[in-house]
Structures are given as structure tokens and as C-alpha cells.
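Asker: Here you go, one structure.
The values are calculated or read from the model by the stated rules, or taken from the named source; none is laboratory data. It should be emphasised that the depicted structure is a prediction, and the values quoted were computed from it without experimental measurement. We place every Cβ from the backbone using ideal geometry, glycine too, and count neighbours over all the protein chains shown. Calculation scope for accessible area: heavy atoms of the full protein, side chains included, ligands and nucleic acids excluded. Shrake-Rupley method; radii C 1.70, N 1.55, O 1.52, S 1.80 Å.
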Amino acid sequence: MMRVRSTDRFYTPRIYLLMGGMVIAFMVLGISLWRLQVAKVSQFESRQQIQSLRRVRLPGIRGKIYDRNGLCLADNRPVYSVALFLEDVRRAGPWARTIERATEVIGQVSQVTGLKPVVNRDGIWKHIRLRLPLPLVLWDDIGPLPMSRLAERGHNIPGVDIYTQAARTYPYSPYTSHLLGYVGRADPDTMDEKERYSYYLPEMAGRAGLEKLFDPFLRGEAGGMLVQIDVSGYRHGELAHRKPKAGGDLRLTLDMEVQLLAHKALGAHRGAVVVLDPNNGDVLAMLSAPGFDANRFVPYINTADWQILSEDRNKPLLNRAVAGVYPPGSIFKPLVGLTAATINPASIHTVYDSPAIFHIGSRVVHTTGHGEVDMRAALKVSANVYFFKTALACGPDPIIQQALATGLGQKTGVEVDFESTGIVPDKKWQMDNRTSWSDGDTCNLAIGQGYLAVTPIQMAMVTATIANGGYLYRPRLVQAYRKPDSEEYILNPGHRIGRMNWSEAALSVTRSGMRDVIMEKDGTGRRAAVAGFEFAGKTGTAEYGLKEEGAKHTWMIAFAPFDNPQYAVAMLIEDGDTGGTTVGPCMKVLMEGLFEKMKREGRVQS
């Protein structure tokens, strides 16, 4: 008889217990797998899809800027670049293998197109780390020859394609650079948008001029692209695409033909020209020289070019037409004569002796003598002593008030950035800055010297007011605008901001004196005369700096035609000789062009 040991009695229950535990464990595992793979599969698929999606912001299409005749001044052009899609050249294993393969492809493209490689291994690695789902741009803005070579002989090169983007272009730069300004790459952190993106393709933002002032209107509505990536971060496919939309368009009052005439007239001189329509304040031309090529700022200007521009002694970045501040010299005299006539209407007939030597207190002023002259003759020959006596008779305060009333000493409000106010000094200003007011300061004011300082656009505004009979208009540069979803322009109305209290008699004498400046043989502006064309003007020569250095800015203002003014002009040339000898011939070139334009358009008799 076999004997059973006591330990065997517990062996079978332990096995059952162990087997039961295993069964329970497998059941729990099975239930968990079922929940993961069946019950919650849609939830995990959704999470996986979210983790594998990248949102790419596509820049809006920037609106265009036109002149008054529909000539496009700021446009968008396609930029053709060679791009490499890294998912097509990927290699298994370390990133170095993919980088090596990409480098080989870049070499192949270089041989086919003749372009020197500009992207190295470090550039490829940086792109992998930061922008892997997007194409890697190998060459930017290539010409037609490399593009045609790639199209003909590059079809066997993997992952390479032509990548197209839009870039801003200015067909008439540098003649429009100070007005239009320029664009540069926008900072994504400054974009006030509700949607957030994984990647931002370069967006253009206005940096100066109209591009800056109207940037929110010109910028288009951004588009978007939903890109799916795999576990390694490579682009797997595009799931959705929303096209970007265009921004609004601007139509300017600028007449590009007149703008180019202003450039031709100024030639190689350093200065500015402003041409207004005296009947509504429209800016027909606004030129500052020297200019710069705004295309060099797109998409960004390199350090070397920026240093050249910013350190240039001729200051090409300065818009002299609105930001340059200068003593006006004798072009201020018509305003002095009109002020005197407002105080004493008989002054338009007053005759003063205008000798070559004049005493102001203990100071002796040496000037050009003209004998006895009335206001009309004094304007024609620019008799300094006549205006000394006129200003002393009426006092400085009325002249200052008239200057302020015509817009001097304040911004005109034209749609250009960095506009200066200039300076109209009065007794308080002079006490705060220098010393007490004297008769010498009154005489300086009478001939546009001393601390008086103006901008060319301010003097064009004064000229327009004299030309149109005393009506003051705010200069207008934007004529109309067109919203993105419309084909019709909305008019941006001009504004009449005041009327001067000049009498018809005073205006008649002043305008006639300015006519004689141009049309008479002894007028200071006779070098500007154009055969068969009657117009009026005034020359000016303004000393600045130390007197012994003899530095002078030279001016001329004009309106034309004389009987029916359609153009009011202010022209400044820095460091000239005199207004008549330096600016006069330049004004002649401009007026000849305007005369031909008016004849062609039937606005004057041939």
C-alpha cells in the first residue's frame, strides 16, 4: 500500500489557484486590449491625426498702388526658386545619411543649372530641425536661363521642383521710393491673428512711406495649408488648402508723367520738387533727390547695402520734400507783401527807396540796390530793402500770423511719414531759444531768413493758395481706394481747410509781380521762361551756416498757366548759387514739359 505524503495534499489546489490567476490576468489583458483597439480606437486615431498635422500660414496677396492714370507703381511679381522636398531624398538611419543625400542632389542641380550652391550641410540640418515639412529653398529668385536648364535636364533629379512665391516690385523706383516706401519681412509675433500656425511663410510688411501708412489695408488675407507628417517629421501629404486673398488697392493723385518731368528737371542736383493742383490740393509730383531703389529692400536689404545708404553724405533716405527743413529766402516775400496789404490796402501802391546799403540800428546791411520801387516791381527784382521797410511798417506779428494761417510751422497732413513742421519763430519762441526780438529779426523774417524754416511741400501749398485766389487746400496724395471684394474705387475727398483774407487788388499786384519775375527781361526768374507760355514765379536764395562760408540753398516757386493756374510748384536745390541761376534753368525744363503736356491734352492753345 502506497503512502501519501502530507505535502502532496496541497499541490493540486495550488495549481488550480495559479491557473485561475492566469486566466483572470489574461481576461483583464484581453479586456484592456479590446478597449484600446476597439472601444477607443476612434479617440486614439483622432489624437494620432492631431499629432501628425501641421498648420502652415500662407501670406496674403498685397494690394497694388497706381498713379492717377492707372499706371501701376507697386506690384507683385512671381519669384521662381529651386526647392528640394526632403521626404523624397530621405535615407533610413541617422539624419547624416539624409543630409549627405541632399548634398549630392544639390550638387547635381548645380551642375545642370550652373548655379553656385548657397545651401550647405549646416543649412540643411537647420531646416530639418525647424521646418522639415516645408520645402527647402536651394536658390531664390533664379533667372530664366537656370530655370529652363532645370526644366530640360533636371527631370531625373529626385525631390527637386520650382517653388513660386510673390515679391513686391517697384517699376519706377527710385523716382517713387520716398513716396511709396518699401516692404520687408513681417515678424510673425506682431501678427494679430486668432489662428495659430506651426509655420509661417514669409509675409511682407510696410516699412516706410505709403506701404507703411496703409499696411493694414494693403495686406491681403492669409491663406492656410494643413500638412500631414509621419513619425519622423517628414511631409506625408497635404490634407487641406485655403487660398490667400488679395489686399486693397490704392489710386494716387500722382501723375507719373509729371513725376518723371520733375526728375528730369532736377537732374543731378540734390533737392526736391513738389507739384500741386492748386484747385484741389492734389499732389501731382513729389520728388526728392537723390533717391534710392526700393527694390533692394525686398525681401530684405543686406547689411552692406544698408550701411552704404545710411552713411551716404547725400542722405538718399531723406525725403527732402516733406522732411527737409530750409530757410525759404525770397520766396517768402509774396506772403510779406500780401500781409502788408491786409493791414494797409494802400501798401500795394507804396513806393520805397531800395538802396544798396541799409541801416538796422547799429547794423549795416549790404545788398543789391534797386532805387524806388513799388510792390510789383520789388517782387520782380527781389528788392530786399523794400521788404525790410514793408515789414517794419506792419510789424512782425501780422506776418507770423499769416505764415501760420497758410500752413507754415505745422504739418500739412499729406499722407507721407516723417513730415516736419518747420519753424515760424515769434517773440516767445525766440526768447525761449535765443534772445529777445529786434528789428533785425523783423528784417530777416521779411526776406525769409533768420530762424524761419519751411519744407518744400509747405511752400508749394503757399504757392497754390496764391495761384487759386486765397483758398487753402490740404495736400492729398491718395485719390481713391478699392476694397479687396470690389471692382469700384471709393473716392478719398480733398479738403479745403481755409480761405485767406487777401483782397483781389493785393492778389492781383502780387500775382502780376510774380509774372514779371519770369516774363520780364530784368526779372530774377527770366532763365525759367518758356517761349509762348505765360506763368508766374519767385526766386529765392537762402544763406545758412556761417556767413563767411557762403553756403546757400536755392529756391523757386511758380504757378502755371498765369490766367488759369493748373500747376503750383516749389523747387529746392541744396548748395546752389542763386535761385535764378541755379533753379531757373531747372524750372524751365519742368515748365517746358508741362506746357507740352497741356497742349497735347488740349488744356492750352498750341
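Asker: From the protein chains alone at 1.4 Å, what is the descending order of accessible area for His366, His359, largest first?
Answerer: Values: His366 140, His359 120 Å².
Final ranking, largest accessible area leading: His366, His359.
Asker: Roughly speaking, what is the centre-to-centre gap between region 297-319 and region 468-501 when only Cα atoms are used, to the nearest Å?
Answerer: That distance is 33 Å.
Asker: If I ignore ligands, DNA and RNA and count only protein heavy atoms, how much of Glu419 is accessible to a 1.4 Å probe, in Å² to the nearest 10?
Answerer: Estimated to the nearest 10 Å², Glu419 gives 20 Å².
Asker: How many Å² of accessible area per residue for the chain, probe 1.4 Å? Provide the component values of the computation, followed by the final result.
Answerer: Working: 29690 Å² over 606 residues.
With all protein chains present, the chain gives 49 Å² per residue.
Asker: Next up: How much of His155 can a 1.4 Å solvent probe reach, expressed as accessible area in Å² and rounded to 10?
Answerer: 130
Asker: Now, a different point. From Cα pairs below 8 angstrom and at least 6 apart in sequence, can you work out the relative contact order of region 460-511, rounded to a whole percent?
Answerer: Relative contact order here is 38 percent.
Asker: At a 1.4 Å probe radius, which order do Lys243, Lys333, Lys427, Lys521 fall into by accessible area, largest first?
Answerer: In descending accessible area the options line up as Lys521, Lys243, Lys427, Lys333.
Asker: Which pairs, out of Lys212/Lys597; Lys212/Lys315; Lys315/Lys521; Lys333/Lys521, put more than 26 Å between their alpha-carbon atoms?
Answerer: From the list (Lys212/Lys597; Lys212/Lys315; Lys315/Lys521; Lys333/Lys521), the Cα-Cα distance tops 26 Å for Lys212/Lys597; Lys315/Lys521.
Asker: With both bridge residues required to lie in the chain, what share of the DSSP beta bridges run antiparallel, to the nearest 5%?
Answerer: Of all bridge pairs located within the chain, approximately 95 percent are antiparallel.
Asker: Still on this model: Would you work out what percent of the accessible area of the chain, with all protein chains in place, is carbon or sulfur (probe 1.4 Å)?
Answerer: Accessible surface attributable to carbon and sulfur in the chain totals 52 percent.
Asker: Counting pairs of alpha carbon atoms under 8 Å apart in space and at least six apart in sequence, what relative contact order in percent does region 515-559 give?
Answerer: 32
Asker: Mind putting a number on the dipole of region 519-571 about its Cα centre? Charges go on the C-beta only, +1 for Lys and Arg and -1 for Asp and Glu, and I need it in Debye to the nearest 20.
Answerer: Values: 6 positive and 7 negative charges, 15 e Å.
It comes to approximately 80 debye.
Asker: Relative contact order for the chain: what percent, with Cα pairs under 8 Å and sequence separation of 6 or more?
Answerer: 14
Asker: Further question on the same structure: Could you tell me which residue out of His269, Gly337, Pro396 lies farthest along the dipole of the chain toward its positive end? Charges go on the beta carbon: Lys and Arg +1, Asp and Glu -1, centred on the Cα centre.
Answerer: His269
Asker: Given a Förster radius of 30 Å and the C-beta distance between Leu491 and Leu260 as r, what FRET efficiency does 1/(1 + (r/R0)^6) yield to the nearest 0.05?
Answerer: Plugging the Cβ-Cβ distance into 1/(1 + (r/R0)^6) gives 0.70.
Asker: Keeping all protein chains in position, work out how much accessible area Val583 exposes to a 1.4 Å probe, and write it in Å² to the nearest 10.
Answerer: 0
Asker: Using the alpha-carbon centroid of each, what span in Å lies between region 374-394 and region 554-573?
Answerer: 21
Asker: At 222 nm, what value in deg cm²/dmol follows for the chain if DSSP H runs of at least 4 each add -39500 (n - 2.57) and the sum is divided by all its residues, to the nearest 500? Could you put the intermediate results ahead of the total?
Answerer: Numbers: 19 runs with 207 residues, N = 606.
Rounded to the nearest 500, the figure is -10500 deg cm²/dmol.
Asker: Once both labels are modelled 7 Å past Cα along the beta-carbon direction, what's the Ala268-Leu392 spacing in nm?
Answerer: About 4.5 nm, to one decimal.
Asker: Still on this structure, please answer the following. At R0 = 25 Å, how high is the FRET efficiency between Ala304 and Lys116 if r is their beta carbon distance? Nearest 0.05 is fine.
Answerer: The computed FRET efficiency comes out at 0.85.
Asker: Given R₀ = 60 Å, what would the calculated FRET efficiency be for Met22 paired with Arg97, taking r from the Cβ atoms and rounding to 0.05?
Answerer: 0.85
Asker: Give the shape of the chain as rounded, prolate or oblate, defined through the alpha-carbon gyration tensor: a ≥ b ≥ c are the square roots of its eigenvalues, a/c under 1.5 means rounded, and otherwise the shape is prolate if a/b is larger than b/c and oblate if not.
Answerer: Prolate, because a/c is 1.5 or more and a/b exceeds b/c.
Asker: Let me ask something additional. For Ala151 paired with Asn564, estimate the spin-label separation in nm (one decimal), with each label point 7 Å from Cα along the Cα-to-Cβ line.
Answerer: Taking the two extended label points, one gets 5.3 nm.
Asker: Let me ask another. Quick one: net charge of Glu100's neighbours, Cβ under 10 Å, K/R +1, D/E -1?
Answerer: Counting the neighbours of Glu100, the net charge comes to +3.
Asker: So if I place +1 on the C-beta of Lys and Arg and -1 on the C-beta of Asp and Glu, and nothing else carries charge, what would the dipole magnitude of region 400-508 be about its Cα centre? I want it in debye, nearest 20.
Answerer: 160
Asker: Can you put Asp187, Asp255, Asp563, Asp88 in order of accessible area, largest first, using a 1.4 Å probe?
Answerer: Asp563, Asp88, Asp187, Asp255
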